[in-house]
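Inspection log for the structure reproduced underneath, given as structure tokens.
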Amino acid sequence: MKKFLSIAMLIALLAVMMPASMVNAQGGEDYTVQADDWLSKLADKFYGDVNAYWAIMSATNQANADDPSYVKITNPDVVEVGSKLRIPSSDEAVAFMADFSPEDAQIEKLFASGAEGQLLAGNWWTSTGEFAAINAVYDIYRQEYPEVELIHAGLAGGGGVNFKGANLNKLIAGDPFDVFQLHVGLEAELYSPEEFLRPLDDILAETGALDVMPPDLTDLLKIRGNSYTVPMNIHRGNVMWTNTRLLEQAGVEVPTTFEEFFAVCDQLQSQGIVPLGMGIADGFELAHTFEVVLAGTVGAENTKGLFNGTVSWTDPGVTEALENYGKVLDCTNEDRSAGNWVQGIALVINDQAAFSIMGDWAYGEVIGFDATDYVTWNSPPGNQGQFFLVSDGFAIPKEAPNPENARRFIEIITRKDAQEAFNKLKGSICARTDCDYSDFGPGSAYFQGSADDFATNAIIPMVTHGSGAIPSWQDQFYQIATQFASDRDVASAQAALVLAAEDAGYPQQ
């Protein structure tokens with residue numbers, strides 16, 4: 001789904017006028033997809049410009065709204081043989097491309113409008129497990145509101161690394177999504193909520209959602225008296241995914257402390273096995289790993305204290321954590337820069353790495369690739385009894401083009417049936433406390449265990465994913481973790497953390 005899911009990244013290449021050769025194609029026509037056809041190839045054939053496939057996609061979807069014999073294209077990379085397309089005339093294609101800006105993620109122009117309008121759902125869920133999960137919610141919405149054209153506006157990039165900037169640009173430009181994904185907590189501050197977002201306290205109250213959500217989650221919702229996010233799940237950010245086949249082959253046990261982990265790392269490397277699968281291309285993975293290592297070194301309360309100003313970053317425990325972080329990085333695959341977190345967990349799934357430290361959204365990949373019989377989960381070193389809280393939710397912009405359709409979506413995601421359908425595929429537990437995990441398929445044991453742990457563990461709002469710190473503090477944490485991965489300078493990293501905390505308003509001793 002690369003073309004469709006990365007629209008905002010296709011800036012200069014696509015936002016161009018059609019060449020003069022396009023005028024040779026006069027009048028629109030129907031076309032039946034043949035073997036080895038794809039949209040950009042057809043755009044080149046009819047117009048002499050491969051980038052004009054957006055015009056074909058839009059024209060075909062508009063035709064489908066009136067005549068279902070035309071295919072509905074939701075992903076321009078996948079058009080089945082035998083599908084009926086509408087090929088617009090040269091003039092129509094030129095006019096469409098002149099008014100269509102991939103840079104501004106104008107996805108709504110690629111689809112018809114239903115009798116009750118559209119619902120443009122902005123998010124960063126594009127991997128196998130992620131898309132399957134949100135699509136289960138879309139199915140519920142489409143069944144209940146068939147006259148609404150629901151559009152999945154997914155922009156690839158784990159943790160919203162690409163989506164957040166594109167979303168903010170759309171808000172500022174007055175051309176927002178109808179609903180958009182964000183992490184529950186202080187991440188809402190990124191979007192100047194009092195200026196751009198609609199308070200959702202009325203929906204939370206009317207649906208009774210707050211009555212069935214745990215306090216550790218609801219405590220994160222209020223920003224200066226208003227709730228701008230409705231949560232639909234609870235992820236555990238600190239999980240060490242484990243390939244039991246490789247451990248048995250290597251004759252090692254799951255490590256519980258850093259001392260044990262580094263010893264196991266040496267044993268695995270001596271046998272040619274990658275100890276810790278990692279991909280860092282999405283930008284958040286290094287900070288995520290450091291935060292987990294930090295908690296495993298200094299403990300839950302001290303970790304929270306470091307980010308709320310009650311513990312100084314000059315603490316010797318921070319020095320030890322940075323040293324542990326460096327040693328952990330030495331246990332990872334050398335090509336970690338080439339892939340993202342999905343490739344990191346894929347190394348475990350494909351018997352190429354023994355472990356991967358990542359949140360339980362990675363379990364969606366394990367489930368999606370039918371690896372639950374040999375890929376299991378453990379606490380990362382020192383993380384026993386700790387639960388890093390990461391929660392996904394949705395917000396409604398004040399200028400949402402289809403506000404009633406947006407409200408309907410938010411109401412649905414508060415419901416038990418929608419949260420169960422979503423979370424059994426996403427790898428997370430419900431934001432509600434009344435979900436039944438016995439029917440969550442091959443992952444039931446994990447989900448029930450996660451729910452039990454959430455009820456008893458020390459809860460740590462995760463800074464890397466927007467819950468535990470304001471966006472500027474989070475951004476500096478990212479940068480410091482990334483810089484340290486390059487230079488391994490403990491003293492410089494610790495000094496930078498001290499300055500970052502002071503910039504965030506927490507004076508250091």
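The values are calculated or read from the model by the stated rules, or taken from the named source; none is laboratory data. Since the model is a prediction, treat every value here as computed from it, not as a measurement. Here the Cβ is made from the backbone with ideal geometry for all residues, glycine too, and neighbour counts use every protein chain on show.
For every residue, the table says whether it meets (1) under 30 Å from D282 (Cα atoms); (2) not aromatic (F, W, Y).
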position: V81; (1), (2): no, yes
position: T126; (1), (2): yes, yes
position: G129; (1), (2): yes, yes
position: Y145; (1), (2): no, no
position: V148; (1), (2): no, yes
Filtering region 460-483 down to residues that are surrounded by fewer than 15 Cβ atoms within 10 Å (Cβ to Cβ) and hydroxyl-bearing (S, T, Y) yields S472
Note: among D216, D175, D139, just one is of a type in the set (D, E, K, R), under 17 Å from E399 (Cβ atoms) and touching a residue at least 40 places away in the same chain (Cβ under 8 Å), namely D175
Handout entry: So V23, is it over 27 Å from W125 (Cβ atoms), more than 32 Å from the chain's Cα centre (by Cα) and either modelled with pLDDT of 50 or more or hydrophobic (A, V, I, L, M, F, W, C) (or both)
Key = yes
Those residues of region 29-49 that are surrounded by fewer than 21 Cβ atoms within 10 Å (Cβ to Cβ), of a type outside the set (S, T, N, Q) and either assigned by TED's automatic domain parsing to the domain that holds E149 or within 20 Å of V81 (Cβ to Cβ) (or both) come to a total of 12
Counting only strands (runs of 3 or more DSSP E) wholly inside region 147-248, the ones holding at least 2 residues that are of a type in the set (A, V, I, L, M, F, W, C), modelled with pLDDT under 95 and under 24 Å from M462 (Cβ atoms) are none
Of the residues in region 99-130, those that are surrounded by fewer than 21 Cβ atoms within 10 Å (Cβ to Cβ), within 22 Å of N423 (Cα to Cα) and modelled with pLDDT of 90 or more number 0
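Determine which member of the set I140, I134 is at pLDDT 95 or above, among the β-branched types (V, I, T) and surrounded by fewer than 21 Cβ atoms within 10 Å (Cβ to Cβ).
Working: I134 fails: surrounded by fewer than 21 Cβ atoms within 10 Å (Cβ to Cβ).
Going through I140, I134 in turn, the sole match is I140.
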Of the residues in region 489-509, those that are in a loop (DSSP other than H, G, I, E, B) and either in contact (Cβ under 8 Å) with a residue 60 or more places away in the chain or small (G, A, S) (or both) come to A504, G505, Y506, P507, Q508, Q509
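May I ask you to say which residue of S444, S438, S492, S472 is outside the structural domain of E194 (by TED's automatic domain parsing), at pLDDT below 95 and among the hydroxyl-bearing types (S, T, Y)?
Numbers: S444 fails: outside the structural domain of E194 (by TED's automatic domain parsing); S438 fails: outside the structural domain of E194 (by TED's automatic domain parsing); S492 fails: at pLDDT below 95.
Only one candidate qualifies: S472.
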Filtering region 263-296 down to residues that are over 30 Å from the mean Cα position of the chain (by Cα) and in a helix (DSSP H, G or I) yields A263, V264, D266, Q267, L268, Q269, S270
On the basis of being surrounded by fewer than 18 Cβ atoms within 10 Å (Cβ to Cβ), part of a helix (DSSP H, G or I) and either modelled with pLDDT of 95 or more or at positive phi (or both), does S486 make the cut?
yes
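Take the residues in region 422-452 that are part of a helix (DSSP H, G or I) and of a type in the set (S, T, Y), then tell me which one is surrounded by the fewest Cβ atoms within 10 Å (Cβ to Cβ).
Filtering region 422-452 for residues part of a helix (DSSP H, G or I) gives 422-426, 437-439, 441-452.
Now restrict to residues that are of a type in the set (S, T, Y): 437-438, 444, 446, 450.
On the way: Y437: 21, S438: 9, S444: 15, Y446: 22, S450: 25.
Result: S438.
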Quick count over region 63-94, residues being under 13 Å from A52 (Cα atoms), assigned to a loop (DSSP other than H, G, I, E, B) and modelled with pLDDT under 90, is 1
